[in-house]
1. Of all DSSP beta bridges located in the chain, what percent are antiparallel, nearest 5?
2. About the Cα centre, and with charges only on the beta carbon of Lys, Arg (+1) and Asp, Glu (-1), how big is the dipole of the chain? Nearest 20 debye, please.
3. Given the options Leu142, His281, Phe56, identify the residue whose Cα lies farthest towards the positive end of the charge dipole of the chain (+1 on Cβ of Lys, Arg; -1 on Cβ of Asp, Glu).
4. Lys242 accessible area, nearest 10 Å², 1.4 Å probe?
5. Using the Cα gyration tensor of region 255-305, with a ≥ b ≥ c the square roots of its eigenvalues, what is the shape: rounded (a/c below 1.5), prolate (a/b larger than b/c) or oblate (neither)?
6. So for region 20-89, taking the charge dipole from beta-carbon charges (+1 Lys/Arg, -1 Asp/Glu), which of Tyr38, Leu66, Gly27 sits furthest toward the positive end?
7. Name the residue, out of Phe56, Phe98, Phe17, whose mean-square fluctuation peaks in a Gaussian network model built on the chain with Cα pairs under 10 Å.
8. Classify region 87-173 as rounded, prolate or oblate, taking a ≥ b ≥ c as the square roots of the eigenvalues of its Cα gyration tensor: rounded when a/c is under 1.5, otherwise prolate if a/b is larger than b/c and oblate if not.
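The values are calculated or read from the model by the stated rules, or taken from the named source; none is laboratory data. Small disclaimer: the values here were computed from a predicted structure and weren't measured. Please note: Cβ atoms are built from the backbone with ideal geometry, for glycine as well, and neighbour counts cover all protein chains shown. We work out accessible area using only protein heavy atoms, side chains counted, and drop any ligands, DNA or RNA first. Shrake-Rupley method; radii C 1.70, N 1.55, O 1.52, S 1.80 Å.
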Amino acid sequence: MKNILVTGGAGFIGSNFIHYLFAQEPGVQVVNLDALTYAGSEENLRGLPAAAAYSFVRGDILDGNLVSALLRERKIDTIVHFAAESHVDRSIHGPAQFVQTNVMGTLFMLEAARQVWLNEKMLPLEAIRFHHISTDEVFGTLAPGDPAWTEEIAYAPNSPYAASKASSDHIARAYGHTYGLPVSITNCSNNYGPRQFPEKLIPLMILNALEGKPLPVYGDGQQIRDWLYVEDHCEAIYRILKEGRAGETYNVGGGNQPANLTIVRTLCDILDELQPGGESHHQLIKFVADRPGHDRRYAMDYSKLQRELGWAPRHDLRNGLLATVRWYLDNPGWVEKIHQHSDLQQWVQKNYTEREK
Ligand code: NAD
Ligand code: DAU
């Protein structure tokens, strides 16, 4: 692992992964290919070590010629494919973009890798790896008391986002099976932490609370997610790249399973502690119309990763949430830039104001 192509490295998890990677291996070379959609920002790469061999390419994963050229010219041996449309609510408003980016984009990435790595035999097989980043949402939803998902469970995606990710997983697996491309896949649960775009539950709640705006809880707020601090996800990916086997998929999860309402209440407690004065942030909680087709519960069984590579989450939920709130409090400049350069305002209008009607 010397020359790594990260796709979607200007987004939340991709940028955290690049920071993590340079902290682990200062000598590595990273090319970040990102289209800078509403969700991507070069701000997220601020603070990389001065000596880091890092370069940014603004471009689309659907541009096969660009991807092939990068693989050849930068002598890429490892691809970590994060780039995707990632927000479930946006997929409900507009599924086509999700199929385009997540399904076709992944296909084009795999096809470029097949062409350059396998057909042109640029590098020996044992030197290359295509790592595809996916989600627990491909497995559908659990009832209370159901066991957590293992890697063997059947796919049953419910939202257009989950269906597009499921499709991309199948294509990635098929490239491994049919062409012998060394592919590995991780299916991970809900991440939270620094640099997450504030359309997702945790940063949305933190920023709304700081601005005294309502905290919109969908439905009864009793849906359960398996929260994982983003650095723990980065560590899991890193270990799999170093020691994981091609042809395998690994579940990654946090083992934390409180209901959404409890998460929101915990954030309010933390904010009441860090920003006292005035009314409690709990007063801002507001129940709103539920997400259509809302999955009730996710839980990941990550024992394979624990058994084979010794990975387990290092951050407990309370400390992870505290670190996350502190990061947003300490980075008002980042928040300001996101407000200036993204479509957040229009999105809030579409998803929340329209919802009220
Ligand atoms: P994000 O929305 O924060 O970032 C996505 C990045 O991809 C952005 O920088 C965007 O500009 C880029 N991108 C989008 N379309 C592109 C294209 N056509 N070409 C090049 N770049 C493009 O997403 P995230 O939350 O960081 O998620 C990253 C990956 O992890 C996704 O594949 C997602 O499905 C998966 N995942 C996310 C979570 C989570 O909780 N956020 C959990 C499990 C898996
Ligand atoms: O499970 C992994 C997935 O987690 C990733 O694959 C997705 O990319 C990521 O976006 C995330 O999907 P979710 O839909 O679970 O995350 P989100 O933050 O949008 O919502 C978390 C829960 O909170 C979900 O049950 C919906 C609820 N919610 C969300 C928002 C934005 C609310 O109650 N109110 C809100 O305003």
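1. 5
2. In debye, rounded to 20, the chain gives about 420.
3. The listed residue farthest towards the positive side: Phe56.
4. Accessible area, nearest 10 Å²: 110 Å².
5. Judged from the Cα gyration tensor, region 255-305 comes out oblate (a/c at least 1.5, b/c at or above a/b).
6. Gly27
7. In the Gaussian network model the winner is Phe56.
8. On the way: a/c = 3.85, a/b = 1.61, b/c = 2.40.
Taking the square roots of the gyration eigenvalues as a ≥ b ≥ c, region 87-173 is oblate.
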